[in-house]
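The values are calculated or read from the model by the stated rules, or taken from the named source; none is laboratory data. As the structure is a computational prediction, the values presented were derived from the model and not from experiment. Neighbour counts are summed over all protein chains in view; Cβ atoms, including those assigned to glycine, are modelled from backbone coordinates with ideal geometry.
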Amino acid sequence: MPHFDWSDDGYFVTETRDLGEIRRVLIITMLFNFLATGVKLVAGLFTGALSVVADGLDSLFDGLSNVVGLAGLYASSRPPDAEHPYGYRKFETLAALSISFLLFLTCIQLLQTAWNRLGEAAGPRVGMWTVAAMLLSMLVQAGTSWYELRAGRRLKSELLVADALHTRASILVSASVLGGLGFVRLGFPQADPILAAFVAVVIARIGIDILRETLPVLVDQAVIDPRQIAEVVGRVEGVESFHRVRSRGAEGSAAVDLHVRIDPHKTVQEADAIAGEIRRRLLELGRVTDVTVHLEAQRDPQEDAADIFAVLKHLAGELGLTIHESWAHRLDGNLYVEVHVGVDPRLTLGQAHNLVDRLESELRQRNPQVKEVHTHIEMADLQVQEGDRAPGDMEQRVRAELEQIVDDLPALSSPHNVIVWRSRDGVDRYYVSLECTVAPETPVSHAHQLSHQLEHQLKQRLQGVVEVFVHVEPPETPHA
């Protein structure tokens, strides 16, 4: 069995993002969020303003989302391994998705608080200290959101961008709370819950935007337009055609795989060079970190015999059969294949026939242009045949007959390296192998016909000769 290595082949680009810097940004953001939380909770509890307490809880969710993000970032920073060959980047996506759920939870809590406050006649006690606390917390959150969003876009981190949007939503919450407190001081206590409900809707929309960014990654939606990939691959020298172009992953760390057809006469080294060039150019897009190229032979619409015989040989190997000889011919526009199939002599005829039937069926299924497959079942030699040198008189008779046959076939000459051996199975069965020379300009088809005639005539002239193996070759060229 071929060796299998789960790891990459040198064409997987390790994440170039500075995960340490992303982690540092998250920690700084988390500390500022907890600072804003503390300011709001102290102000809310001191004045009895429920909206300020609720706003403090919203900031607390900001800090907790940072904790979730740090945990997700730790998981996503792990390198690819056997269980996760594409790496752990989706853990960061899951962390971003969890932030959207926290946004929805905040939205629900705000709506519930707003509904409860609508029925209250009295409002909270609002003083300058409360306003100063809210303004301070909003300033901290605004600076934090700007810093995190800028870092997220620079580092191409969907986690930082999503968390920055969450922090921005918290600023809107604080602004609505502050505005509501102003209306409360003017004698309109219901203004606070109404504005809180409006902000809750805004928060829900931001959560939906995050879902739109993260769900495509989780469901493996195409991250790169196939036309862009086609434009790159189509310019690579040696590419005949390509199909099944796919991409997956997150923006900035996409994995691409595609099937590329090349000239079947290319060597393995040439094919590998073409695949390497495709990988190199796709990785240069900057958004791609992993490229898998599946190489295929470009087939003519009218598939030739070489393609059919290659499939036939592969199928036979899967079924434990051997192919002795095969032909393909076209008649009245239909393609027919003739095959001599070797089977294990220990099988029954029924078992052998079933295997050969499967071979015929599989070949027609994989090559629909083949109308019929005709097979001839033969025994396959699965073991080394034990034999002995033939008696001297038998070897002399073989040599004498060969000389006469070659005289009758002028195109053949100089039979040599003649070996005659007899099987040890108790039956006088003889096997002959020899070499003959033919003119070097002789067509292969004619040389094959000559060797076949020699085999046939020798079997007819000498009883007991069951196999004759003839190797034809041009005469040796004298050394200069």
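Could you check ARG78 against (1) modelled with pLDDT of 70 or more; (2) surrounded by fewer than 22 Cβ atoms within 10 Å (Cβ to Cβ) and say which number it fails?
Status for ARG78: all satisfied but (1).
Which of (1) within 39 Å of the chain's Cα centre (by Cα); (2) modelled with pLDDT under 70; (3) assigned to a helix (DSSP H, G or I) is the odd one out, the single condition SER51 does not satisfy?
Every listed condition holds for SER51 apart from (1).
Failed condition for LYS313, given (1) outside the structural domain of SER241 (by TED's automatic domain parsing); (2) touching a residue at least 12 places away in the same chain (Cβ under 8 Å), with all others met?
Among (1) outside the structural domain of SER241 (by TED's automatic domain parsing); (2) touching a residue at least 12 places away in the same chain (Cβ under 8 Å), LYS313 violates only (2).
Is it the case that some residue within segment 150-160 is closer than 21 Å to LEU64 by Cβ, more than 38 Å from the chain's Cα centre (by Cα) and not aromatic (Phe, Trp, Tyr)?
Residues of segment 150-160 that are closer than 21 Å to LEU64 by Cβ, as a first pass: 151-152, 157-160.
The next check asks that each one be more than 38 Å from the chain's Cα centre (by Cα); those that pass are none.
No; the residues of segment 150-160 include none that is closer than 21 Å to LEU64 by Cβ, more than 38 Å from the chain's Cα centre (by Cα) and not aromatic (Phe, Trp, Tyr).
Could you pull out the residue among ARG366, ARG287, ARG279 that is under 21 Å from ARG261 (Cβ atoms) and buried (at least 18 other Cβ atoms within 10 Å of the Cβ)? Give the derivation first.
Values: ARG366 fails: buried (at least 18 other Cβ atoms within 10 Å of the Cβ); ARG287 fails: under 21 Å from ARG261 (Cβ atoms).
Within the list ARG366, ARG287, ARG279, the selection yields ARG279.
How many of the residues in segment 243-267 are in a strand (DSSP E or B), buried (at least 17 other Cβ atoms within 10 Å of the Cβ) and charged (D, E, K, R)? Walk me through how you get there before you give the answer.
To start, the set of residues in segment 243-267 that are in a strand (DSSP E or B) comprises 243-250, 253-262.
Restricting the remaining residues to those that are buried (at least 17 other Cβ atoms within 10 Å of the Cβ) gives 245, 247-250, 253-256, 258, 260, 262.
Now narrow it down to the ones that are charged (D, E, K, R): 248.
Looking only at that region, the number is 1.
Sort out which residues of segment 445-478 are part of a helix (DSSP H, G or I), touching a strand residue (DSSP E or B) at 6+ places or on another chain (Cβ under 9 Å) and either over 29 Å from PRO391 (Cβ atoms) or free of Cβ contacts under 8 Å to residues at least 60 places away in the same chain (or both), and write them in order of number.
ALA447, HIS448, LEU450, SER451, HIS452, LEU454, GLU455, HIS456, LYS459
Determine, yes or no, whether ARG235 is in contact with a Gly (Cβ under 7 Å, 6 or more places away or on another chain) and outside the structural domain of HIS353 (by TED's automatic domain parsing). Before the answer, list the steps.
Working: in contact with a Gly (Cβ under 7 Å, 6 or more places away or on another chain): no; outside the structural domain of HIS353 (by TED's automatic domain parsing): yes.
The answer is no for ARG235.
Tell me, which residue of segment 345-361 that is over 25 Å from ILE308 (Cβ atoms) and of a type in the set (A, V, I, L, M, F, W, C) is surrounded by the most Cβ atoms within 10 Å (Cβ to Cβ)? Lay out the reasoning, then the answer.
If we filter segment 345-361 for residues that are over 25 Å from ILE308 (Cβ atoms), which is where we start, we get 345-351.
Right, trim to of a type in the set (A, V, I, L, M, F, W, C) and you get 347, 349.
On the way: LEU347: 16, LEU349: 9.
Selected residue: LEU347.
Of all the strands (runs of 3 or more DSSP E) wholly in segment 268-374, which have at least 2 residues that are over 30 Å from ILE229 (Cβ atoms) and at pLDDT 85 or above? Explain how you work it out, then say what you get.
Details: elements: 288-297, 322-331, 334-343.
Those strands (runs of 3 or more DSSP E) span 322-331, 334-343.
Can you report the number of residues in segment 184-194 which are modelled with pLDDT under 70, of a type outside the set (D, E, K, R) and part of a helix (DSSP H, G or I)?
Within segment 184-194, residues that are modelled with pLDDT under 70, of a type outside the set (D, E, K, R) and part of a helix (DSSP H, G or I) number 2.
I'm checking my understanding of the structure. Among residues of segment 233-257 that are among the aliphatic types (A, V, I, L, M) and closer than 23 Å to LYS156 by Cα, which one is modelled with the highest pLDDT?
First, pick out the residues of segment 233-257 that are among the aliphatic types (A, V, I, L, M): 233, 236, 239, 245, 250, 254-256.
Add one more test, that the residue is closer than 23 Å to LYS156 by Cα, and what stays is 250, 254-256.
Working: ALA250: 72, ALA254: 79, ALA255: 83, VAL256: 86.
The residue in question is VAL256.
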